[in-house]
Amino acid sequence: MTVRIRKYSWQLAPGHIRDIRQRVFIEEQQIPPELEWDETDEIADHFLAVLPDNTPVGVARLFSSLDETAHIGRMAILPEHRGKGIGEALLRHLLAEAAGQYDEVRLSAQEHAIPFYQRSGFHVCSDVYDDAGIPHYDMRCLAPELAVAALEERDHPLLLEEDRQSWRFENETRMLALMDSLAGQAGQRIWLYDRLLEHDLYDRFRFRELISALARRHRLSEVRLLIHDDKPLVKRRHQLVELMRRLPSRIELKLVNDDYPVEDQPFMLIDREGVLYRHDFYKPEGFCNFSDSGRVKLLSEAFQRMWDVGRSSLELRQLPL
């Protein structure tokens with residue numbers, strides 16, 4: 001169905017936006033008015049979806065937080081117009097609106113709506129919680145530009161275990177977006193093999209936070225870092241090293257033992273399905289797969305062989321806390 005989407009500030013928003021939210025959230029879902037209308041409305045951009053004859057059918061809002069993350073919220077389609085693709089068109093418009101400005105887009109999804117958001121590149125990033133008496137989950141897209149570009153050709157872009165097409169990368173920006181999208185969905189393990197923990201790649205705040213979230217999630221969480229050279233880590237502080245020293249039972253680092261065979265290409269493995277593989281230690285070129293259990297199994301075996309004969313870093317152990 002053809003739908004047009006118009007953008008307004010709260011001060012200039014037509015009454016249709018309030019009317020649709022009133023009908024869907026307050027009347028249909030029984031959300032208290034004092035929770036529905038909040039101060040965020042004043043700073044958000046508001047979007048109204050209309051049919052070709054100008055009939056208003058859906059709304060949403062978009063705003064940013066202090067950490068420069070975009071947030072989608074108050075998304076609603078009138079009951080008589082659901083199931084026609086209007087919600088998907090509205091969501092993808094919002095994602096495209098945010099993609100050029102923000103590296104991350106978040107939203108709070110009612111439990112039944114999770115598959116809807118997953119089809120547009122979002123993944124769950126929280127446990128269930130109650131919001132106005134309704135079960136919700138936080139969801140995020142860590143590579144909105146990539147998701148927007150792939151929406152027409154992929155059913156579940158960037159979703160672990162579901163996105164079955166390979167992603168190619170030939171520059172660092174694209175590689176890091178894919179790396180974070182994978183790491184952000186790890187449920188149990190992240191295994192990383194590289195020449196060294198380059199600061200530009202691994203000493204980034206967002207990557208550290210993703211590693212930290214996995215390490216603290218449960219007692220079976222496992223982060224393994226296998227590298228060839230630890231000298232740069234001694235000379236300059238590294239966020240992953242500091243995190244590892246605070247969570248030694250969840251995050252481990254070993255050095256490759258050159259007396260045994262080693263892999264010639266670096267890679268990162270996420271759970272049993274995700275892999276980011278570079279063709280060269282020195283270039284940001286390679287591929288990323290979100291559903292590739294066969295390749296992950298083979299690389300896991302290679303990683304385990306190197307890990308079993310790896311050695312601890314004495315220099316890192318001697319660093320002051």
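The values are calculated or read from the model by the stated rules, or taken from the named source; none is laboratory data. Only a predicted model underlies this, so the values are computations on that prediction, with no experimental measurement involved. Glycine gets a Cβ as well: all are built from the backbone with ideal geometry, and neighbour counts include every protein chain shown.
Per-structure values
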quantity	calculated
Of residues in the range 18-46 being in contact with a Ser or Thr (Cβ under 9 Å, 6 or more places away or on another chain) and surrounded by 14 or more Cβ atoms within 10 Å (Cβ to Cβ), the one nearest to Ser65 (Cα to Cα)	Ala44
Where Tyr117 falls short, out of the listed (1) assigned to a strand (DSSP E or B); (2) crowded, with 21+ Cβ neighbours inside 10 Å; (3) not aliphatic (A, V, I, L, M)	(1)
Count of residues meeting criterion [touching a residue at least 60 places away in the same chain (Cβ under 8 Å) and farther than 26 Å from Ala213 by Cα] in the range 223-255	1
Which listed residue, of Asp292, Asp271, is at positive phi and within 19 Å of the chain's Cα centre (by Cα)	Asp271
Which listed residue is outside any loop (DSSP other than H, G, I, E, B) and not β-branched (Val, Ile, Thr), from Arg216, Arg272	Arg216
Residue in the range 49-66 that is surrounded by 12 or more Cβ atoms within 10 Å (Cβ to Cβ), touching a Phe, Trp or Tyr at 6+ places or on another chain (Cβ under 8 Å) and over 16 Å from Arg21 (Cα atoms) present	yes
Condition met for Ala76 (more than 29 Å from Ser212 (Cβ to Cβ), free of Cβ contacts under 8 Å to residues at least 60 places away in the same chain, hydrophobic (A, V, I, L, M, F, W, C) and surrounded by 15 or more Cβ atoms within 10 Å (Cβ to Cβ))	yes
Whichever residue in the range 310-321 is touching an Asp or Glu at 6+ places or on another chain (Cβ under 9 Å) and either surrounded by 14 or more Cβ atoms within 10 Å (Cβ to Cβ) or basic (Lys, Arg) (or both) and, among such residues, is modelled with the lowest pLDDT	Leu316
Those strands (runs of 3 or more DSSP E) lying entirely in the range 128-204 with at least 2 residues within 22 Å of Asp103 (Cβ to Cβ) and of a type in the set (A, V, I, L, M, F, W, C)	134-141, 167-169, 189-194
Among (1) in contact with a Gly (Cβ under 9 Å, 6 or more places away or on another chain); (2) more than 17 Å from Phe303 (Cβ to Cβ); (3) in contact (Cβ under 8 Å) with a residue 40 or more places away in the chain; (4) of a type in the set (Asp, Glu) - the single one Asp271 does not satisfy	(2)
In the range 254-268, the residues that are at pLDDT 95 or above and either within 21 Å of the chain's Cα centre (by Cα) or over 13 Å from Phe303 (Cα atoms) (or both)	Phe267, Met268
Hits in the range 1-17 (condition: surrounded by fewer than 16 Cβ atoms within 10 Å (Cβ to Cβ) and part of a loop (DSSP other than H, G, I, E, B))	Met1, Thr2, Trp10, Gln11, Leu12, Pro14
Residue identified as without any contact (Cβ under 8 Å) to a residue 12 or more places away in the chain, of a type outside the set (Lys, Arg) and not assigned by TED's automatic domain parsing to the domain that holds Phe287 among Pro135, Pro115	Pro115
Residue match in the range 168-187 (condition: modelled with pLDDT of 95 or more, among the hydroxyl-bearing types (Ser, Thr, Tyr), at negative phi and not assigned by TED's automatic domain parsing to the domain that holds Thr69)	yes
Set Ala109, Ala44: member being among the hydrophobic types (A, V, I, L, M, F, W, C) and closer than 15 Å to Ile17 by Cα	Ala44
Any hit, the range 98-106, residues being at pLDDT 95 or above, assigned to a loop (DSSP other than H, G, I, E, B) and of a type in the set (Asp, Glu)	yes
Any hit, the range 268-275, residues being assigned by TED's automatic domain parsing to the domain that holds Asp229 and more than 20 Å from Arg208 (Cα to Cα)	yes
